[in-house]
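Every read-out reported here was derived from the displayed coordinates using simple, explicitly stated rules and does not represent laboratory data. Treat the numbers as computed from the prediction; the structure is a model and nothing was measured. No Cβ is skipped: glycine too gets one built from the backbone with ideal geometry, and neighbour counts run over all protein chains shown.
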Amino acid sequence: MPTGAELLVAALENEGVERIFGIPGEENLDVVEALRHSSIELVVTRHEQAAAFMAATYGRLTGRPGVCLTTLGPGALNLTTGAAYAHLGAMPMVMITGQKGIIASRQARFQIVDVVASMRPLTKMAHQIVSPATIPTMVRDAFRTAQDERPGPVHLELPEDIAAAEAGNVALVPPHRPVLPIASEAALEQAASIIRQAKRPLVMLGAAASRPRLTDELSRFVRRLRIPYVTTQMGKGTAAGGAGLYLGTAALSERDYVHEAIERADLILTIGHDVCEKPPFIMHQGGPTVIHVGFEPASVEQVYYPQLEIIGDIGPSLGLLADRLEGQLPNAEALLTLREGILRRVADRATEARFTPQRIVHDVRAVMPAEGIVALDNGMYKIWFARNYRTEVANTLLLDNALATMGAGLPSAMMAAMLYPKRPVMAICGDGGFMMNSQELETAVRQKLNLVVMLIVDGAYGMIRWKQAVDGFADYGMRFGNPDFVRYAEAYGCSGHKVEAIDELIPTLRQAFAAGGVHVVAVPVDYTENKRVLVDELAARLPVA
């Protein structure tokens, strides 16, 4: 007879799970032993938070739930930031945590906290498994719930006595994916009528448009209608490049150059906008008509209250909308005249001989091929990459604009390198965010990954320091010291590099990719451009009447 742990692992295999990320503990040893005899690889990380970030990124890139495993108490609670990361970012993930026995309590309340209750606000579902016989149905329900729109994390707690108990002959539940409904004829007709009348239409692609299965359908829709488009930060790269219709990314909520198009538009078709993401624009009375296209109804917020909604499976619904509009939009490209000016001004000073954010973005783009993947941590440089880094292949710039947590960049890049070993992958981290999970360099080396980690070094929490200065506060509490990053990298078995002249950056990155293995490249940054461009220059740009 299989044990509960063995039945759990069999149910995970039944779901197609190939890797589990996590850290063993006393309360999950039965599961670890069952994994030893399974087809599933256990990837041991150095911190549970990193395991959650990796599992969430697996979900983001594949559309299938990533899985992470921890013990009880402190190990389980270390998943909470990753749970929130996946919850706000709509990334499917299954978290499995251990617990003391529930039939008998030989250790009283040692290490016991109510993890299920802690996880409920951060997940789509959180349950304790109280009987081995329920494991197949609970695992199937967990994966279905994690993957269904809106995707996100779920949590299962397996007490050690349930894991060790005999499960009996319990059948597994065959996986299946439900077919999503398509938008109603009435909504499509109403939307088509409004779009036909628009004088200056604009498409905006948001976070929910980045589901991997949508890339081809979104790209076809954009090409069929020829309406220029902007993206949110997490919607960046959702449509394949090459159509000549991309106007830019709304890295800021207002006043940036891309907002010239938003201000001039009389209609904005928001595809996959998720209000968990920092607003790409702010609605106001008298502004453009907004049509929301989404898997779910719009969440009405102070800054977002669309006048019409097209609800259903986004890809097929857009295909039906295009059937009604293709060739019928004489004003489709009205805003395209703004494209050259927006992109030129955004890229201003990108080749200056200084370590400006614009130059760093320019040089990274020069090194990375179209299919190369860049994973960003959270910091001031994220705004510059969102504004300036152009993508041609979907899901090749990974950033978090929902929870916007520090510490996720390196684990996310590691996951991308595992999934796509033949594609160049780069993590870009500030020195603050990098040091929050830098121990995972050991995991990357142990997994024999090919990965370049570029560190933006300013010796401070740069984004908050910039905000502190903009708001008129004294420069206080933001600075810290750093290790010698070259020696630090070498201590983990990586190759370390320190770039001291800007013309060394491209050759150093190219040499690192050519050599293979894990490389850490430390680069200084001149953040004086933050105020010059993002405050002074944009403040001088008057909004379009």
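Brief remarks on what is shown
- Anisotropy class of the chain from Cα gyration tensor, a/c 1.5 cut: oblate
- Lysine pair number, Cα distance threshold 25 Å (strictly under), the chain, separation 8 or more or different chains: 16
- A simple count of charges around Ile40, restricted to other residues whose Cβ falls under 15 Å of its Cβ and scoring Lys, Arg +1 and Asp, Glu -1, yields -4.
- Shape category assigned to segment 185-343 from the gyration tensor of Cα positions, a/c cut at 1.5: rounded
- Positive-end extreme of charge dipole, the chain - chosen from Ala51, Leu29, Leu397 (charges on Cβ): Leu397
- Helix axis angle, 314-325 relative to the chain longest principal axis, alpha carbon, degrees: 30
- Cut-off under 5 Å, modelled amide H: who pairs with Thr238 long-range: Asn395
- Remark: C-alpha extents of segment 4-164 on the principal axes read 42, 30, 29 Å, sorted largest to smallest.
- Neighbourhood charge, 15 Å Cβ-Cβ cut-off, centred on Gln307 and excluding it, Lys, Arg +1 and Asp, Glu -1: -3
- Length released on extending from Glu326 to Arg36, taking residue separation times 0.36 nm less the Cα-Cα span: 98.9 nm
- Ordering His47, His155, His37 by the number of other Cβ atoms within 10 Å of each residue's own Cβ, fewest first, gives His37, His47, His155.
- Sorted fewest first by neighbouring Cβ atoms within 10 angstrom, Arg19, Arg487 come out as Arg487, Arg19.
- Highest to lowest packing among 532-540, 130-138, scored as the average C-beta count within 10 Å: 130-138, 532-540
- Charge tally around Arg324: other residues with Cβ under 13 Å, Lys/Arg +1 each, Asp/Glu -1 each, net -2.
- Table column - 3J(HN,Hα) (Hz), segment 487-503, Karplus curve with 6.51, -1.76, 1.60, x for Gly and Pro: 5, 4, 5, 5, 5, 8, x, 8, 9, x, 9, 10, 8, 10, 10, 4, 6
- Protection proxy ranking, peptides 199-206, 314-321, average beta carbon neighbours within 10 Å, highest first: 199-206, 314-321
- Normalised alpha carbon radius of gyration of segment 347-535 [divisor 2.2 N^0.38 Å]: 0.96
- The H on the amide N of Val67, modeled in the peptide plane, is under 5 Å from the matching H of Phe21, Val94, each at least 5 residues off or on a different chain.
- Rounded if a/c under 1.5, otherwise prolate or oblate - segment 13-103, Cα gyration tensor axes: oblate
- Over the chain, DSSP H runs of length four or greater, each weighted -39,500 (n - 2.57), average out per residue to a 222 nm ellipticity of -10000 deg cm²/dmol.
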